[in-house]
Amino acid sequence: MSEAVESLNFIEHIVEEDLKNGYSTQDLRFRFPPEPNGYLHIGHASSICLNFGLGLRYNAPVNLRFDDTNPAKEEQEYVDAIKKDVEWLGFKWDTERYASDYFQQLYDWAIELIKQGKAYVDEQSSEVMAEQKGTPTQPGTNSPFRDRSIEENLAGFQKMKDGEFDEGTHVLRAKIDMSSSNMLMRDPIMYRVLHKVHHRTNTDWCIYPMYDWTHGESDYIEQVSHSFCTLEFAMHRELYDWFLDQVIDVKKLRPKQREFARRNLSHTVVSKRKLLQLVEQNVVTGWDDPRMSTLSGLRRRGYTPESIRNFVETIGIAKRDNLIDVSLLEFHVREHLNKISPRVMGVLDPVKVVITNYPEGEVEWLDTENNPEDSSAGTRQIPFSREIYIEKDDFKEEANRKFFRLKLGGEVRLKSGYIIKAESCTKDTDGNITEIQCTYDPKSKSGSGTEESLRKVKGTLHWVSVAHALQAEVRLYDRLFTDESPDTHKDKDFMEFINPDSLKVITGFLEPSLSGAKPGDRVQFQRLGYFCVDPDSTTEKLVFNKTVGLRDTWAKLQSK
RNA sequence: UGGCCUAUGGUGUAAUUGGCAACACAGCUGGUUUUGGUCCAGUCGUUCUAGGUUCGAGUCCUAGUAGGCCAACCA
């Protein structure tokens, strides 16, 4: 095996550089820090694969740390869902942490800051403070409470902690620089009063630390070497470093924050807030609706962890704006499913075919391979009889030479069965074809080795025996949004681009071998696409989700 | 009007750190095929602009242009 020249992304270059400049691999430690206020989506997969991938690469621990500093939005349900998703993607965290584990330490440090004159209690309303904050082009002005005594601040902070103040009346602020060109440095809030029940600390606290005060210090407590986040936090780095400077012990490792661009996926939204909106407004059935860009939605849709990891690998990590076409994600799921999915036959839009010269009442069990990509997958038997279903699209009374399917007077191969010839068809009063009459060549049976069976006919159709067909609910999905980038229009809300036809529920007719299919099972309906059994499925009523269609060059030709 | 970040084929990402611009997807041609799938072969097409440094610039410098981010008691 020749060692291919490894190409690293800029984050990996940073780590390599640090290793060259004195870090040892023992120093390396990473973390994935979700806020438990929603479900993970495909964008998080990039962050997960980045951090856990680095852990694997350097054999370094990776913590799963819940950034749970806002009890108003965070719930245990989300914690559970996030853990499930990370595991499903195939990663193992070193330790499970919570920012709330550090509330006491954070509080103690805050007292120190007050004692050093670097933090103060402000009693103004948020409106007034916002006004004093200035604008990006104009400096802010100091709060009248900025210079009160340390004793006063200590007492005020104590009262905040003791629950003597109402929400919104008092905050603890870092005393930095109200004229900084970085708005975040204009005396940022460290603590606010919140009389809310926290999912872990319950009512122990009624003051809660803000993100900036919490995140870097949590990294430091855990001795995380590299703290990666998305670009919108770039301006926070200065604050991250300032807060670190206040508590750092130079003998300990100093975490560094670096930022990368979030991945945008076309025809969807990749934002917890917007996904929550879809859930709350019942545009979808839940966080795990198969149309959602959540990991749980993709899982239910039939995506495999491998396919998502491969996708994330090829889209890489960088700092520029991007819009990745969903077709790349679809490529990766097809690539994996092609290798692992058993092939079966199902007809989703049926028209009946009667083989007039086939004996009435007779049933033949035909051998067919389970997966041409995997010879060890073996074969199974499928029933053939006088009446079968084929797809409506697979028959035309008249068609040109480019149409490789069934037409009057023409022949096709029935997959793993016989060659049939269309002789006539019947229609209802509206002109819809209701039945096709065919004859078959008894000597053309697949695999029989006869001269007739070896004949080349251009088309091969999938089919199911009418008498043996299993009926199943099949859910067909299309993109949730009609616009490739629904949430980037300045004058339009992303909800205006919702695709009204993103879900179509039909009844499909499937080969009987599918009768025992279990939720999560994945198959390829030949010539149609990849499908998986939905959790809603029961033994009485099978329910399939369409994961993704096969590449369809015929459809492409037709649309020209 | 301020600050920060970014700019490489249609899309995404590389380029041994200053040394022949490449990989994947998409597109197009053809071949194989009992899935119009898979697979195989071929093909199209790229460094935002203008200066500068250098034997040599996608890479460094300057200016410009374009896009993104920044004024929540959210993260």
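The values are calculated or read from the model by the stated rules, or taken from the named source; none is laboratory data. Quantities reported herein were computed from a predicted structural model and do not represent experimental measurements. Neighbour counts run over all protein chains shown; Cβ positions are idealised from the backbone, glycine included. We work out accessible area using only protein heavy atoms, side chains counted, and drop any ligands, DNA or RNA first. Shrake-Rupley method; radii C 1.70, N 1.55, O 1.52, S 1.80 Å.
One table, with the values for the structure above:
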| item | result |
| --- | --- |
| Protein-only accessible surface order, largest first, of A:170, A:13 at 1.4 Å | A:13, A:170 |
| DSSP-defined beta bridges in segment A:350-462 - what % are antiparallel, rounded to 5 | 70 percent |
| Average accessible area per residue (Å²) across segment A:78-123 - probe 1.4 Å, nucleic acids and ligands excluded | 42 Å² |
| Whole-angstrom gap from segment A:524-553 to segment A:214-233, using each part's C-alpha centre | 42 Å |
| Residue-level accessible surface for residue A:185, protein heavy atoms, 1.4 Å, Å² | 10 Å² |
| Accessible surface ranking that places the most exposed of A:276, A:454, A:337 first, with a 1.4 angstrom probe | A:454, A:276, A:337 |
| Cut-off 16 Å, label 7 Å out along Cα→Cβ of residue A:17, residues of segment A:257-278 by amide N | A:257-261 |
| Considering only chain A, percent of DSSP beta bridges that pair antiparallel, nearest 5 | 65 percent |
| Inter-label distance for residue A:374 and residue A:230, nm, one decimal - labels placed 7 Å from Cα along Cα-to-Cβ | 3.5 nm |
| 10 °C / 1.306 mPa s Stokes-Einstein diffusion coefficient of segment A:19-97, Kirkwood radius on C-alpha pairs, µm²/s | 120 µm²/s |
| Protein-only accessible surface order, largest first, of A:210, A:345 at 1.4 Å | A:210, A:345 |
| J(HN,Hα) series, segment A:485-491, from Karplus relation 6.51 cos²θ - 1.76 cosθ + 1.60, nearest Hz, glycine and proline x | 9, x, 9, 10, 8, 5, 9 |
| Modelled FRET efficiency - R0 22 Å, residue A:433 with residue A:538, Cβ distances, 0.05 increments | 0.05 |
| Accessible area of residue A:335 in the full protein assembly, 1.4 Å probe (Å², nearest 10) | 70 Å² |
| Carbon plus sulfur fraction of accessible area for segment A:281-420, probe 1.4 Å, in percent | 43 percent |
| Whole-number percent relative contact order across segment A:410-560, with pairs defined as alpha carbons under 8 Å at least 6 apart | 18 percent |
| Most to least packed among A:471-480, A:250-259 [average Cβ atoms within 10 Å] | A:471-480, A:250-259 |
| Stokes-Einstein D for segment A:339-440, Kirkwood Rh over Cα pairs, 10 °C, 1.306 mPa s (µm²/s) | 106 µm²/s |
| For residue A:227, distant residues with modelled amide H under 5 Å away | A:256, A:257, A:258 |
| Extension gain from residue A:123 to residue A:556, taking 0.36 nm per residue of separation minus the Cα-Cα distance | 149.3 nm |
| Whole-Hz ³J(HN,Hα) from phi, Karplus 6.51 cos²θ - 1.76 cosθ + 1.60, for segment A:456-467, glycine and proline x | 8, 10, 5, x, 10, 10, 8, 7, 9, 6, 4, 5 |
| Top positive-direction residue, dipole computed over chain A with Cβ charges, set A:462, A:293, A:515 | A:462 |
| Where a label projected 7 Å from the Cα of residue A:499 along Cα→Cβ would reach, residues of segment A:251-275 with amide N under 11 Å | A:267-268 |
| Segment residue A:398-residue A:320, extension gain: residue separation times 0.36 nm, minus the distance between their alpha carbons | 22.8 nm |
| Semi-axis lengths, Å, segment A:405-560, gyration tensor of Cα atoms, sqrt of 5 times eigenvalues | 36, 22, 16 |
| Relative contact order (percent, whole number), chain A, Cα cutoff 8 Å, 6+ residue spacing | 11 percent |
| Solvent-accessible surface (1.4 angstrom probe) belonging to residue A:98, in square angstrom, nearest 10 | 10 Å² |
| Solvent-accessible area, 1.4 Å probe, carbon plus sulfur percent, for segment A:88-229 | 48 percent |
| Residue-averaged [θ]222 nm for chain A, counting only DSSP H segments that reach four residues, each worth -39500 (n - 2.57) | -8000 deg cm²/dmol |
| Cα-only Debye scattering, chain A: base-10 log of I(q)/I(0) at q = 0.11 Å⁻¹ | -1.04 |
| Net lengthening on full extension, residue A:327/residue A:167 (0.36 nm per residue, minus Cα-Cα) | 52.8 nm |
